[in-house]
Amino acid sequence: MDRKVVIFDHPLIQHKLSILRNTETSTKDFRELVNEIAMLMTFEATRDLPTEDIRVQTPCGVADCKQIAGRKLAFVPILRAGLGMVDGCLKLVPSARVGHIGLYRNEKTLQPVEYYCKLPKDIEERDVFVVDPMLATGGSAIDAISQIKLRKPRSIKFLCLIAAPEGLEALEKAHPDVDIYAAGLDSYLNENGYIVPGLGDAGDRIFGTK
Ligand code: PRP
Ligand code: URA
């Protein structure tokens, strides 16, 4: 099956992303919007979950319906900014498990430095959604996905709010089997590895640390 790269053009997502980018947006609103966009993205990213037929007794008769056919999901945020997306994802799939991958970018080399990895025990049975608001050079996402692949999950998808062309290309090349969902695709990376126009430092804006 061909891999999927989805750049969202839905008006609700575009509208929320515009507010998110604005420097005037408060930490509280930023946090809420990150979760709302993550929830909308999860709706699309789970579109191919298999369903099975069921019959349901309604007050007026019997309805032929569908239910999700026993797939197990896990959301894996890349710490720390990815944490900001988890509640939004879980709103749609409350029974999903959550793993964590701790990585930060060395500010000089821009290389990811790993400091934590805790994944659900039964990850081999799960479809994994790796979440991180920013795909800049792609180093963090590539590294996180490589770590998760060692544990052999059923499948992996990657969800981010903003991607840089450089990161998208690098991730596509490194993990050609991973579907990628981005709420927006921006212009380029600046000399400090920040996405332009982007939204600044996602972690700092979610947690109010700057
Ligand atoms: C940010 C972001 C990604 C990474 C993207 O995290 O949340 O994880 O940078 O950059 P890359 O594509 O060039 O690897 P950061 O390292 O700032 O850590 P934080 O989440 O702890 O703020
Ligand atoms: N990490 C961020 O938080 N923002 C960027 O623009 C790039 C990496």
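Numbers below:
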quantity: Residues of segment 117-152 classified as within 16 Å of ligand 2 (Cβ to nearest atom) and surrounded by fewer than 19 Cβ atoms within 10 Å (Cβ to Cβ), total; calculated: 1
quantity: Segment 47-101 - residue that is over 20 Å from Cys117 (Cα atoms), of a type in the set (Val, Ile, Thr) and open to solvent by 30 Å² or more (accessible area, probe 1.4 Å) and, of those, nearest to the chain's Cα centre (by Cα); calculated: Ile68
quantity: Residue ranges of strands (runs of 3 or more DSSP E) in segment 1-95 with at least 3 members without any contact (Cβ under 8 Å) to a residue 60 or more places away in the chain and closer than 23 Å to Pro120 by Cβ; calculated: 72-79
quantity: Residues that are within 15 Å of the chain's Cα centre (by Cα) and of a type in the set (A, V, I, L, M), drawn from segment 19-46; calculated: Leu33, Val34, Ile37, Ala38, Met39, Leu40, Met41, Ala45
quantity: Residues of segment 171-200 classified as open to solvent by less than 20 Å² (accessible area, probe 1.4 Å), more than 10 Å from ligand 1 (Cβ to nearest atom) and assigned to a strand (DSSP E or B), total; calculated: 6
quantity: Test: residue in segment 179-190 that is within 17 Å of Arg80 (Cβ to Cβ) and within 13 Å of the chain's Cα centre (by Cα); calculated: no
quantity: Top-ranked residue of segment 100-157 - restricted to ones that are hydrophobic (A, V, I, L, M, F, W, C) and over 26 Å from Glu44 (Cα atoms), ranked as farthest from ligand 1 (Cβ to nearest atom); calculated: Leu150
quantity: Output for segment 153-170, where each listed residue is part of a helix (DSSP H, G or I) and buried (at least 24 other Cβ atoms within 10 Å of the Cβ); calculated: Gly167
quantity: Cβ-Cβ under 6 Å pairs, at least 6 apart or on other chains, segment 102-115 side surrounded by 12 or more Cβ atoms within 10 Å (Cβ to Cβ), far side β-branched (Val, Ile, Thr); calculated: Leu103/Ile78; Tyr104/Val113; Leu110/Thr137
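The values are calculated or read from the model by the stated rules, or taken from the named source; none is laboratory data. These figures come from a predicted structure and were not determined experimentally. Glycine gets a Cβ as well: all are built from the backbone with ideal geometry, and neighbour counts include every protein chain shown. Quick note on the areas: whole protein, heavy atoms, side chains included, nothing else; ligands and nucleic acids left out. Shrake-Rupley method; radii C 1.70, N 1.55, O 1.52, S 1.80 Å.
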